[in-house]
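K.L.:
Quick one: the structure is below, and I'll ask about it shortly.
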Amino acid sequence: MAARFWRHLLGWQLLTAAAVTALLAAALSLSAAELVPTALLVMIATPCLLVASSFLVGRLAARRNGGGERTPLRGLPTALLRETLAFCAATFATIAEPYRRAPRVAAARAGAASPVLLIHGIVCNRSVWRPLLARLAAQGFAPVRAVSLEPLFADLDSQAASVVRELRELQRSSAGLPVAIVAHSMGGLLARAALAAGGPGLVSRIVTIASPHHGTALARLFRPVPARQMRPGSAWLQALNAGEGGAWPVPVTSIYSLHDNLIAPPRSAALAGARVHELTGLGHLSLLRARVSLEHTLAALAGP
């Protein structure tokens, strides 16, 4: 489960913070009064360092694998701050999600269904969509379903098959209307695979946010199957891209940021033939919460 993964990550952060605090206390002979603020500073610094490291490692990995694209310096401090806050929010939201009620969404009125399926990225769950759900309800989109895909590290074909099942179930509850998809990160690849499997009769449109359509060099550092499938030039990506041929039977929108810390290079998230929105000052997770990306998402869903 994604919640277990993030619990382990949080535990690692706390242990690291405790160890660093103990070392500082011993080296600087800190008093009891000084120990508490020091521990708090170290705990705050830990996620900051993790996010900053992801920006650095992502860019180094992209250059090592032939990506000459440079991250713009303008907007980078803002991206670091916003991504750190988004990372902290995502940590606690993902951990808490199994213990919370399912997101409440409005039921479609008779004859007015606008079904939407929300697909999260790797090692996440449906909690990432809570900032968007309220906006969708306010705009009249319903029914809306946010999925939590399991098992966590299943291959992309298996996960895409799960998405197709979710789409068909949502379509049945929406008088047979095709379903719009909003997908983050890996979810964008699953959306494309589901479109190939189900066609425009099942899918009405797709909006991808920070999805590695051409892979991400950062995936070369990880061993799980879906990470290997998201490496640039992987056989899975080549088959997906070859099968589409750059033509789309439904409207497709691609939203990404030049300061994405996990998609390397960031323009790997730009999809040929799609309507593209290139943003700055936002990292991988903060794209899910930023007003500008949410507005682009809603506009794409409401478009002709």
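The values are calculated or read from the model by the stated rules, or taken from the named source; none is laboratory data. Keep in mind it's a predicted model, so treat the numbers as computed, not measured. Cβ coordinates were reconstructed from backbone atoms using ideal geometry, including for glycine residues, and neighbour counts include every protein chain displayed.
K.L.:
Yes or no: segment 208-216 includes at least one residue that is small (G, A, S), touching a Pro at 6+ places or on another chain (Cβ under 6 Å) and closer than 22 Å to V179 by Cβ.
P.N.:
Within segment 208-216 (the criterion being small (G, A, S), touching a Pro at 6+ places or on another chain (Cβ under 6 Å) and closer than 22 Å to V179 by Cβ), the answer is no, since none of the residues qualifies.
K.L.:
Now for a separate question. Filtering segment 221-275 down to residues that are in a loop (DSSP other than H, G, I, E, B) and of a type in the set (V, I, T), which residue is surrounded by the fewest Cβ atoms within 10 Å (Cβ to Cβ)?
P.N.:
Here the residue is V250.
K.L.:
Same structure again: Name the residues in segment 192-237 that are touching a His at 6+ places or on another chain (Cβ under 7 Å), of a type in the set (A, V, I, L, M, F, W, C) and under 13 Å from P265 (Cα atoms), would you?
P.N.:
Residue satisfying the conditions is A210 alone.
K.L.:
Oh, and also: Being more than 29 Å from P143 (Cβ to Cβ), basic (K, R) and in contact (Cβ under 8 Å) with a residue 40 or more places away in the chain is the requirement here; does R220 meet it?
P.N.:
For R220, the condition - more than 29 Å from P143 (Cβ to Cβ), basic (K, R) and in contact (Cβ under 8 Å) with a residue 40 or more places away in the chain - is met.
K.L.:
List pairs: first in segment 7-25 and in contact (Cβ under 8 Å) with a residue 60 or more places away in the chain, second part of a helix (DSSP H, G or I), Cβ under 6 Å, 6+ apart or cross-chain?
P.N.:
R7/I95; L10/T91
K.L.:
Within the bounds of segment 194-201, is there any residue that is modelled with pLDDT of 95 or more and either of a type outside the set (A, V, I, L, M, F, W, C) or under 30 Å from L56 (Cα atoms) (or both)?
P.N.:
no
So that you can scan it fast, the table gives a plain yes or no per residue for (1) within 20 Å of S234 (Cα to Cα); (2) in contact with a Cys (Cβ under 6 Å, 6 or more places away or on another chain); (3) β-branched (V, I, T):
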residue: I122; (1), (2), (3): yes, no, yes
residue: L136; (1), (2), (3): no, no, no
residue: E150; (1), (2), (3): no, no, no
residue: L156; (1), (2), (3): yes, no, no
residue: A161; (1), (2), (3): yes, no, no
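K.L.:
Here is a further query. State which residue is surrounded by the most Cβ atoms within 10 Å (Cβ to Cβ) when the search covers only segment 276-285 and only residues that are of a type in the set (A, V, I, L, M) and in contact with a Ser or Thr (Cβ under 7 Å, 6 or more places away or on another chain).
P.N.:
By that ranking, first place goes to L282.
K.L.:
Can you name every residue in segment 277-295 that is among the small types (G, A, S), over 18 Å from G58 (Cα atoms) and part of a helix (DSSP H, G or I)?
P.N.:
So in segment 277-295, the residues among the small types (G, A, S) come out as 281, 283, 286, 290, 293.
From what is left, the residues that are over 18 Å from G58 (Cα atoms) are 290, 293.
The answer is S293, and nothing else.
K.L.:
Output the residue which, of all residues in segment 9-42 that are of a type in the set (S, T, Y) and surrounded by 12 or more Cβ atoms within 10 Å (Cβ to Cβ), is nearest to A89 (Cα to Cα).
P.N.:
Of everything passing the filter in segment 9-42, T16 is nearest to A89 (Cα to Cα).
K.L.:
How many residues are of a type outside the set (A, V, I, L, M) and closer than 18 Å to S54 by Cα when one looks only at segment 258-296?
P.N.:
12
K.L.:
Determine which member of the set R192, R231 is within 23 Å of S127 (Cα to Cα), in contact (Cβ under 8 Å) with a residue 12 or more places away in the chain and among the basic types (K, R).
P.N.:
Result: R192 is the single residue among R192, R231 that is within 23 Å of S127 (Cα to Cα), in contact (Cβ under 8 Å) with a residue 12 or more places away in the chain and among the basic types (K, R).
K.L.:
For segment 167-205, what are the residues that are assigned to a helix (DSSP H, G or I) and surrounded by fewer than 18 Cβ atoms within 10 Å (Cβ to Cβ)?
P.N.:
Keep residues of segment 167-205 that are assigned to a helix (DSSP H, G or I), which gives 167-172, 186-198.
R168, E169, R172, A196, A197, listed by residue number.
K.L.:
Can you name the residue in segment 81-106 that is of a type in the set (G, A, S) and part of a helix (DSSP H, G or I) and is also modelled with the lowest pLDDT among such residues? Don't jump to the end; show me each part of the working.
P.N.:
Looking only at segment 81-106, we keep the residues that are of a type in the set (G, A, S), and these are 86, 89-90, 93, 96, 102, 106.
From what's left, part of a helix (DSSP H, G or I): 86, 89-90, 93, 96.
Details: A86: 95, A89: 92, A90: 92, A93: 90, A96: 86.
Once the filter is applied, the top-ranked residue is A96.
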